[in-house]
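The structure appears below as structure tokens.
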Amino acid sequence: MTGTPARTLLLWCPDWPVLAAEIVDGVPATGPVAVLHANRVVACSERARAEGVRRGLRKREAQGRCPQLTVVDYDPGRDARAFEPVVAAVEELVAGVEVVRPGACAVAARGPSRYLGGEEAAAERIIEHVAQSCLVESQVGIADGVFAAGLAARSGRVVPPGGTPEFLAGLPVEALGRSALADLLRRLGVRSLGDFAALPAGDVLARFGFDGALAHRLAAGRDHRPLAVRQPPADLTVTAEQDEPIDRVDVAAFVARALAEQLHERLAGHGLACTRLGIEAVTEHGQELHRVWRHDGLLTAAAIADRVRWQLDGWLSGSSGRTGARPARPTAGIIRLRLIPDGVIAQAGLQAGLWGETGEERERAHRALSRVQGILGPEAVVTAVLGGGRSPADQVRLVPWGDERLPTRPGPAPLPGEPIARPGRALLSGESIASGGGRAVGAGRPADHSAGGVPPWPGRLPAPAPAVVLPSPLAATVHDAAGEAVVISARLAVSAPPARLVVGTGRPAEIVGWVGPWPVDERWWAPAEARRRARFQVCLADGTALLLAVEGGQWLVEAIYD
């Protein structure tokens, strides 16, 4: 960091905690007022200082010096809320304001000095504007760096470019704002910032640590911290006021088209594109309607207009109040329509597919499903999203059409080297439908982090996943070759090899291959919610592969492999 600190203009409001107490709580700042934190004075009014009250005094001592003292508790939230109008007033003249703390804000001095006629003229203009807008007295300091500008604001000085080290050299070490460091420096004979800056940087770091080295740089005028400017958010919302209430879909479509083009132009002017659109409408009777539309790509002007038209069609064509699938129609026409870009990204943030834009068939399907959502609501059209889980039913989540298709809990890929047999045929000796050797999943398997750093679910079902997951498992019985029921012990020991399967009241089917059991012991720490079961994969003589589970001594068919 060898460059020169940027010229900084800092606006400072003296005794701001006292002024904030007057603005918010009505405590008169013209009287003797002290703001206390941890039983010590952190700020006081001019009248209190005249009576001998100083920062750092204890409450009892301050009241002893000024018996009429009004004591106010320190509230940083109150100070910040009261300072917001001052920051807004500064932003009306200059852009890129950084709030240093409640009562002080800084901007880069280059811009205001160029279009307001110089640094001194810019300082006078900002002070005058804050006084007229907020009725608050302030001072401005200009120097190289935020630290020096803050000290210059105490006396309302404009330090010439390059003169910051000389300006700082004559100030006492207490100006660093580090009481412990200042006390130690004074005991060592270092009384000014110039004396402190003359010390070797390596010795300062070794003796005072990192914070002392940072203070040493500030004392030498080498403040290179860039301004963390606050950019005022752009107002992207567009609104259309109607003199006559809209109660016809064709009129609403005309208004929607014009409003959509206006929104698209405003977004394009900021280099943005909309991915989530909020549509608000207010009726003549004050009824407020709101709906949010999502899109997996960039909403063009035509796409925005279509969604607004569909939504207005859904509202204005609602039911007349009788019970039905459609929501009730508004009691009056729409007098205000507002479009809110609820989700925006940089327009260059998405790229076309490998073979160009989205196909016409997919776009037509999307338009049709979106229109159904406009009539019946977003939850009326849902799609499945795969995620993590122990059983096939846990791995599927239904999300509304157009929402982000992100799994709530990611699931890992199959373990490397795991042999996977083709379902639909008999298994050879020792072969598995989904994993080699019929190992117990989650019992004794080492943790694997190969799938993108995500460990596997303990007790998860290995690949391949079943094609059909039954909404409700079917009761079944499993018999061995002698016709006896096959049971599973607490230690997962199978009484005999499964030979026949009967589902419900159906006919017995011969089992030609099986693997398992895979134990699943869920929520064992909560007896009321505990669930323990063992799963098997079986292959029947006709080529059908099933996922079976044993829970509480009952066999169940959970899923079917294709």
**OP:** For the range 488-498, take each phi angle, set θ = phi - 60°, evaluate the Karplus expression 6.51 cos²θ - 1.76 cosθ + 1.60, and give the result in whole Hz per residue in order, putting x for glycine and proline.
**Re:** 10, 7, 5, 8, 6, 8, 8, 4, 6, x, x
Original post:
Is the range 108-172 best put as rounded, prolate or oblate by its Cα gyration tensor, with a ≥ b ≥ c the root eigenvalues, rounded for a/c under 1.5, and otherwise prolate when a/b is larger than b/c, oblate when not?
Top reply: oblate
Original post:
Going out from 0 in 10 Å bins, what whole percent of all Cα-Cα distances in the range 450-562 drops into each bin?
Top reply: 13, 44, 32, 10, 1
**OP:** Report, by chain and number, residues whose modeled amide H sits under 5 Å from the one on A6, excluding near sequence neighbours (fewer than 5 apart, same chain).
**Re:** G145
Original post:
What does the charge count near V494 come to, summing +1 for each Lys or Arg and -1 for each Asp or Glu among other residues with Cβ under 13 Å from its Cβ?
Top reply: 0
**OP:** In whole Hz, with x marking every Gly and Pro, tabulate ³J(HN,Hα) for the range 11-23 from phi via Karplus 6.51 cos²θ - 1.76 cosθ + 1.60, θ = phi - 60°.
**Re:** 9, 10, 9, x, 6, 4, x, 6, 5, 5, 5, 6, 5
Subject >> J(HN,Hα) series, the range 267-275, from Karplus relation 6.51 cos²θ - 1.76 cosθ + 1.60, nearest Hz, glycine and proline x >> reply: 5, 5, x, 9, x, 10, 9, 9, 10
Original post:
Does the range 1-107 come out rounded, prolate or oblate, given a ≥ b ≥ c as the square roots of the eigenvalues of its C-alpha gyration tensor, rounded meaning a/c under 1.5 and, failing that, prolate meaning a/b above b/c?
Top reply: prolate
**OP:** Enumerate by residue number the trypsin sites (Lys or Arg not before Pro) in the range 18-114 meeting two conditions: DSSP loop (anything except H, G, I, E, B), and at most 14 other Cβ atoms within 10 Å of the site's Cβ.
**Re:** R54, R55
Subject >> Under 5 Å, built H, 5+ apart or other chain: amide partners of G513 >> reply: L427, C539
Original post:
Based on the alpha-carbon gyration tensor of the range 133-282 and its eigenvalue square roots a ≥ b ≥ c, which shape applies: rounded if a/c is under 1.5, prolate if not and a/b is larger than b/c, or oblate?
Top reply: prolate
Subject >> Dipole axis of the range 49-100 (+1 Lys, Arg; -1 Asp, Glu on Cβ), positive-most option in V94, A50, A82 >> reply: A50
Original post:
Residues with amide H under 5 Å of V396's amide H, sequence separation 5 or more or different chain, H placed in the peptide plane at 1.01 Å from N; which?
Top reply: G387
Subject >> Projected label distance in nm at E137 and R60, using a 7 Å step from Cα toward the beta-carbon >> reply: 3.4 nm
Subject >> Portion, in percent, of the accessible area of the range 27-149 that falls on carbon or sulfur, probe 1.4 Å >> reply: 48 percent
Original post:
Accessible area per residue of the range 1-82 at 1.4 Å probe, in Å²?
Top reply: 55 Å²
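The values are calculated or read from the model by the stated rules, or taken from the named source; none is laboratory data. Note that the structure is a prediction, hence the values are computed from the model and not measured. FYI the Cβ positions are ideal-geometry reconstructions off the backbone, even for glycines, and counts take in every protein chain you see. Calculation scope for accessible area: heavy atoms of the full protein, side chains included, ligands and nucleic acids excluded. Shrake-Rupley method; radii C 1.70, N 1.55, O 1.52, S 1.80 Å.
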